[in-house]
Amino acid sequence: MAVVQPLKADPIGFAGELRPSTASIVARTDNFAWHDDAYLRQRGEGQARRQPMAIYEVHLGSWQRGAGNAFLSYDELADRLIPYAVEMGFTHLELLPVSEHPLDDRWGYQPIGLFAPTRRHGEPAGFARFVDRAHQAGLAVILDWVPAHFPMDRHGLAHFDGKPLYEHADPRRGFHPDWNTAIYDFGRAEVSNFLAASALYWLDRFHVDGLRVDAVASMLYLDYSRKAGEWLPNPDGSNDNKDAVAFLRRVNQLCYGEHAGTATIAEESTSWPGVSQPVHEGGLGFGFKWNMGWMNDTLDYMSLEPIHRRYHHDKLTFGLLYAFSENFVLPLSHDEVVHGKRSILGRMPGDRWQQFANVRAYYGFMWGHPGKKLLFMGQEFGQRKEWNLDRSLDWHLPPKRPMPGCATSCAT
């Protein structure tokens, strides 16, 4: 007896319906009228690691909302976000995943449409105009890209033909217990080619300047977040995911080989050697790596009462011992202002005046430390509350600063 499979979204669909609808939409993405030729020529003349990088990390759905707490369109975001980022002195915008995804609460990190800009803000052409206008303003655009795992929603890639197809068939390698998601079978040529095509698609069709690859550590280790007996080792007993390593090296080679001046950035939280070293020298081939150790140490230090800091100066100085072992980005990212961690300002000791003084001193130390810089939205003006993806930043709080590009009807 034949089993009727659920309807699936097109794995390489270029557009999708607005959630909760799940169908793919036929759309052209090869006919945009671009105006960034001069920017792309200049970008191709240098190496990203030798250029200034002050990155403004943004969740497009909550940086600012419109009337009635509605999402802003890509064009409205271009009108407001781009000039604001330029005014604040940032060189790059890093966008939390814009790939189509079913659930807002996952911030885009469980994508289903790896070729489709999310319909929450409009059509693919609108996203292309956003990137084009950023380039004309001198801003680079980095996208968070998620090849590590995918959600189990019925319309997605999970059990695509009724059995494991994109995911590894053995749940010890094909299921992620932390996130309740499926893990790609990186050893299958069809799967790795699908993912590599997604990476190149954003660089080619949408002219983006780089990809920040999410959850790289979970890809590199077979026993990542697993107890004994819950993971499948290599025949020699080792725990490195050789298929994932080969995939990451190949993707990095393709990105740098096909699109001069772009960059790839790894969110990698372990001491895996050579993350940002070239593949021909035995590295993974990324351009940069997030420095999670620096972030954790320095935030711990700054959260201490000043009288206690004299015993913990090593948390500030230790980072210099390895500062040049990789091409680092110093990230104060969205992960540090959610789930009860408080905002960066809220972590500082003392009264309100002392908290702001601590933050200013911390940012000064950060900007003087080796490594590229990254601030999540709201940190530039001292957002007091934790990030809430269901509303805009607290633009009504900064003194003497109007809400960027916004009339009184904008939501706060």
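Remarks
- Just one of the listed residues (PHE71, PHE150, PHE90) is within 24 Å of LEU195 (Cβ to Cβ), in contact with a strand residue (DSSP E or B) (Cβ under 9 Å, 6 or more places away or on another chain) and in contact (Cβ under 8 Å) with a residue 40 or more places away in the chain, namely PHE150.
- Residue within segment 332-350 that is buried (at least 16 other Cβ atoms within 10 Å of the Cβ), farther than 19 Å from ASN296 by Cβ and touching a helix residue (DSSP H, G or I) at 6+ places or on another chain (Cβ under 6 Å) present: no
- Output for segment 294-330, where each listed residue is in contact (Cβ under 8 Å) with a residue 40 or more places away in the chain, open to solvent by 60 Å² or more (accessible area, probe 1.4 Å) and more than 24 Å from the chain's Cα centre (by Cα): GLU305, PRO306, LEU320
- Residues of segment 142-150 include at least one that is farther than 25 Å from LEU374 by Cβ and either touching a Gly at 6+ places or on another chain (Cβ under 9 Å) or at pLDDT below 95 (or both).
- A residue that is of a type outside the set (A, V, I, L, M), part of a loop (DSSP other than H, G, I, E, B) and either out of contact with any Pro (no Cβ under 8 Å at 6 or more places or on another chain) or open to solvent by less than 30 Å² (accessible area, probe 1.4 Å) (or both) occurs nowhere in segment 74-88.
- The residues listed here are LEU139, LEU165; of these, the one that is surrounded by fewer than 22 Cβ atoms within 10 Å (Cβ to Cβ), free of Cβ contacts under 8 Å to residues at least 40 places away in the same chain and in contact with a His (Cβ under 8 Å, 6 or more places away or on another chain) is LEU165.
- Segment 104-136, subset basic (Lys, Arg) and under 18 Å from TYR74 (Cβ atoms), residue most open to solvent (accessible area, probe 1.4 Å): ARG129
- For segment 357-367, the count of residues that are within 23 Å of PHE90 (Cβ to Cβ) and not in a helix (DSSP H, G or I) is zero.
- When residues in segment 170-186 are screened for being of a type outside the set (Ser, Thr, Tyr) and either modelled with pLDDT of 95 or more or assigned to a helix (DSSP H, G or I) (or both), 8 of them pass.
- Scan segment 30-59 for residues that are within 23 Å of TYR201 (Cβ to Cβ), within 21 Å of the chain's Cα centre (by Cα) and open to solvent by less than 10 Å² (accessible area, probe 1.4 Å) and the total you get is 3.
- For segment 96-112, filtering for residues that are out of contact with any Pro (no Cβ under 8 Å at 6 or more places or on another chain) and either at pLDDT 95 or above or hydrophobic (A, V, I, L, M, F, W, C) (or both) leaves 1.
- Pairs where the first residue, in segment 386-398, is touching a residue at least 24 places away in the same chain (Cβ under 8 Å) and open to solvent by 30 Å² or more (accessible area, probe 1.4 Å) and the second is part of a loop (DSSP other than H, G, I, E, B) and among the hydroxyl-bearing types (Ser, Thr, Tyr), C-beta under 6 Å, 6+ apart: GLU386/SER343
The values are calculated or read from the model by the stated rules, or taken from the named source; none is laboratory data. Here the structure is a predicted model, which is why all the values come from computation and not from measurement. Cβ sites come from the backbone with ideal geometry, for glycine too, and all protein chains shown count toward neighbours. Heavy atoms of the whole protein, side chains included, go into the accessibility calculation; ligands, DNA and RNA do not. Shrake-Rupley method; radii C 1.70, N 1.55, O 1.52, S 1.80 Å.
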